[in-house]
Amino acid sequence: MNKVLEMSGLTRRFGAVTAVDGIDLDIVAGEWVAIMGPSGSGKTTLMNLLACLDAPSEGRYVLDGVDTSRLDDRERTVVRREKIGLVFQQFHLVPYLTAQENVMLAQYYHSMTDKEEAARALAQMGMEHRLQHRPSQLSGGEQQRVCIARALINQPAIILADEPTGNLDEQNEEIVLDIFRDLHRQGRTIIMVTHNPEMGEQAERVVRLQHGRVEAADPTPVTP
Amino acid sequence: MAAISLQQRQNLRMFLRILLQSLRIRKSRVLIAFCSILIGAAVVFALLSLYFDISIKMSRELRAYGANFFVGAAETGQPTLEADVYRRVLEQIPATRLVGASPYLYGVARLDLGNAVLAGVDFTGLRRLSPFWQVEGKWVAVDFDEEHCMIGRALARNMALKVGDQLRVFKRETGFNQSLTVRGIVETGQAEDDQIFVNLSLAQKILGQPGRINHAMLSILSRDFDTDALAARLKEQLPGVTAAPLRKVSYSEGKILEKIKGLMALVAVIILAATTFCVMTTLVAMVVERTREIALLKSLGAENRSIVRQFLIETGCISLAGIAGGMLVGFLLAQLLGQAVFGAAISFRIAVVPLTLTVSLVAALLAAIMPVRMALRIAPATVLKGE
């Protein structure tokens, strides 16, 4: 099994509050994992740790062979841009850039912008006719597809999606789910935080959090 | 090498796109920052231009307040000097430095209704020496005019004289007895108000002092000119002569210049502080407005130095445009001030350009410190979390 992500005793405290409490979890390449749990269970904190947007108070987090636990802020930024593709619930596109430029933005901070590559990534999301549209000219579903294209453009080791269908209607939710199914079929590693049980059902494995701990789910990867 | 240059070119294009779009969609805030910097740079440019010219211009202005150099007979010698001494003194002073000068010969003469102090002067020089004199009628314009005189306001009142009236002047000792026409009545608020003024040559005849003067008063542009050295040189070259700058006047000139320059510096500092504050608040507002965008850029892998670079270049672009406009406006402002205060144009000095650029850029960069720090403190995990 090719572990792309390993957590052991991962803990994050905010003062006296322990938001993530000693999580041990491994995820193998190509796996689709849904992280679920009620509000306050530590999903968002865990997501931030996995995205290298935050540093653990204790424990170890190895991403694609890099132990990120000891990295400083700048080093975590480098890991984030090299190895992680982020998909947000609220899309977070730059309003004054076109769909294509929003995708190129990730290239810009990663290495080099490439218009054609950005256009191809959007075409894979069914957005080839919307390249020059600004976010305000796109529907929610279209914005989320731009966001996914941006997350994929640098070929990250993992895709981290935070409630990717949380702001979408049923029709767009289905489109986005289809995209994730395709990505999974292509062998992408997807970690998705969601409240939505239907979304959870799509994943190969569900990790349920409760009070910052993994509750009930078997942390061992089920897919080789 | 080619790949690097392609990468740099592509990324530069993207950077410029982000920069221009970012400035374009925040037109109103960019305009506020631009105007603030323009005003600051304009004031700095105008005041610096004035600062460089003020010493020359003020020195000329202050010379309107009377003589600042005295030449007279040494205490040990005779009470009067040869008029030729006065000519030799003038030869020692560059023409460009000499604003005005007049010899003086004093005596008492009998007029129609009583005695009065009679002063023999060089009217052309006196007029330049004392431009603040209030004159009703006209100045005696010709050096060899021995038929006209000017009289002080108090004397004219006491003798019920007005411009154009005839006035008889007697001097028993010399047998002088001649009528003069009052060409002008002067008012100075000082001793001159009780005196009668005639050309030096006429005074020498009336008082029986041919070729003699009591003293001479001079108005010299003293900026960058050592009047003490001139006095020493005159004393050495002309025995029986004493010469000295009028300390009180020269000192006051220096003090006034210092105060005006200090005031200008203070105004410039206050305007720059106001500019800095205004730019800072505008940039802070821009950072607050862009919190999500900055958080997103960080989440996409933008390092702090990229964020700093983007902000500084944005601020730099606005600042450079504002400073360029400010210099143009500042030059016009300097001309307005020059005309209003000195009645003269202010010269364009190339040194003012780099000084204004440096001072204004420093103010703009100081203004950017706090907003940039705010931008660096933005935590994407907090800002971008789902709701």
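In table form, for the structure just shown:
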| item | result |
| --- | --- |
| Where A:Glu163 falls short, out of the listed (1) surrounded by fewer than 18 Cβ atoms within 10 Å (Cβ to Cβ); (2) on the phi > 0 side of the Ramachandran plot; (3) among the charged types (D, E, K, R) | (1) |
| Extreme residue, nearest to B:Asp194 (Cα to Cα), among residues of the range B:143-166 that are in contact with a helix residue (DSSP H, G or I) (Cβ under 8 Å, 6 or more places away or on another chain) and loosely packed, with under 14 Cβ neighbours inside 10 Å | B:Lys162 |
| Residue within the range B:69-87 that is under 31 Å from the mean Cα position of the chain (by Cα) and either among the polar types (S, T, N, Q) or at pLDDT 90 or above (or both) present | no |
| The range B:18-40 residues that are buried (at least 17 other Cβ atoms within 10 Å of the Cβ), paired with ones that are outside any helix (DSSP H, G or I) and not polar (S, T, N, Q) (beta carbon under 6 Å, 6 or more apart) | B:Gln21/A:Tyr96 |
| Unmet requirement for B:Leu218, which otherwise passes all of (1) touching a residue at least 40 places away in the same chain (Cβ under 8 Å); (2) closer than 15 Å to B:Ala116 by Cα | (2) |
| The range B:183-199, residues that are more than 13 Å from B:Asp112 (Cα to Cα) and of a type in the set (A, V, I, L, M, F, W, C) | B:Ile185, B:Val186, B:Ala191, B:Phe197, B:Val198 |
| Only listed residue being over 23 Å from B:Leu105 (Cα atoms), within 14 Å of chain A (Cβ to nearest Cβ) and either touching a Ser or Thr at 6+ places or on another chain (Cβ under 8 Å) or surrounded by fewer than 14 Cβ atoms within 10 Å (Cβ to Cβ) (or both), chosen from B:Glu258, B:Glu289, B:Glu293 | B:Glu289 |
| Cross-chain or 6+ apart pairs with Cβ under 9 Å, the range A:163-179 first and within 14 Å of another protein chain (Cβ to nearest Cβ) and within 13 Å of A:Glu198 (Cα to Cα), then polar (S, T, N, Q) and in a helix (DSSP H, G or I) | A:Pro164/A:Gln144; A:Thr165/A:Gln144; A:Thr165/A:Asn172 |
| Test: residue in the range A:35-46 that is in contact with a Ser or Thr (Cβ under 9 Å, 6 or more places away or on another chain), closer than 25 Å to B:Ala302 by Cβ and assigned to a strand (DSSP E or B) | no |
| Subset of the range B:348-387 [hydroxyl-bearing (Ser, Thr, Tyr) and either loosely packed, with under 13 Cβ neighbours inside 10 Å or over 26 Å from the mean Cα position of the chain (by Cα) (or both)] | B:Thr358, B:Thr382 |
| Any hit, the range A:6-22, residues being part of a loop (DSSP other than H, G, I, E, B) and surrounded by 21 or more Cβ atoms within 10 Å (Cβ to Cβ) | no |
| Subset tally (residues that are crowded, with 22+ Cβ neighbours inside 10 Å and closer than 22 Å to B:Leu98 by Cβ) for the range B:200-221 | 7 |
| Residue count, the range A:30-66 (criterion: among the charged types (D, E, K, R), within 13 Å of chain B (Cβ to nearest Cβ) and within 14 Å of A:Val207 (Cα to Cα)) | 1 |
| Residue tally, condition surrounded by 22 or more Cβ atoms within 10 Å (Cβ to Cβ), more than 8 Å from chain B (Cβ to nearest Cβ) and part of a strand (DSSP E or B), over the range A:67-105 | 3 |
| Count of residues meeting criterion [out of contact with any Gly (no Cβ under 6 Å at 6 or more places or on another chain) and surrounded by fewer than 23 Cβ atoms within 10 Å (Cβ to Cβ)] in the range A:183-198 | 9 |
| Given (1) away from every other protein chain (no Cβ under 14 Å); (2) under 22 Å from B:Leu16 (Cβ atoms); (3) more than 35 Å from the chain's Cα centre (by Cα), number of the condition B:Thr315 does not satisfy | (3) |
| Candidate set from the range A:106-141 (those that are within 12 Å of chain B (Cβ to nearest Cβ) and of a type in the set (S, T, N, Q)); member that is farthest from A:Val78 (Cα to Cα) | A:Ser136 |
| Qualifying residue in the range B:329-339 (condition: of a type in the set (Val, Ile, Thr) and surrounded by fewer than 22 Cβ atoms within 10 Å (Cβ to Cβ)) | yes |
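The values are calculated or read from the model by the stated rules, or taken from the named source; none is laboratory data. This structure is a prediction, so every number in the text was calculated from the model and none was measured. Reconstructed Cβ throughout: ideal geometry from the backbone, glycine too, with neighbour counts over all protein chains shown.
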